[in-house]
Amino acid sequence: MLQLAHVRLPPGCGTSPHAHSDMTEVFIVVVGRGSATVGRRRVRLERFDCLVVEPGERHRLRAAADSALELLYFGLHREMPSRSPPRQRHTP
């Protein structure tokens, strides 16, 4: 499943640290500047930068103090395994 969204963080504001166990997120900076913390790694973000966050990685995004941060992002949900066992084919 694919999820697509747009967000605008006002100057100095950000998201709470969080993680998704079943989704890879891809962020593209549309306008502004800011930073992202993924695990223990901190990266600066500027217009047209792309950031990939893998499932289970704790992350947060923050707009610069003097600039809003506008992002387009999509999430790719991992396929969840079926709860029923696979069907077996019998060959004569």
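Here are some notes:
- Take 46-54, 58-66 and order them by the average number of nearby Cβ atoms within 10 Å per residue, most first; the result is 58-66, 46-54.
- Placed amide H near L69: partners under 5 Å, 5+ positions off or other chain: L9
- Taking the square roots of five times each eigenvalue of the Cα gyration tensor of the stretch 2-77, the equivalent ellipsoid has semi-axes of 19, 14, 10 Å, listed largest first.
Laboratory data are not the source of any read-out in this text; all were calculated from the coordinates shown. It should be emphasised that the depicted structure is a prediction, and the values quoted were computed from it without experimental measurement. Please note: Cβ atoms are built from the backbone with ideal geometry, for glycine as well, and neighbour counts cover all protein chains shown.
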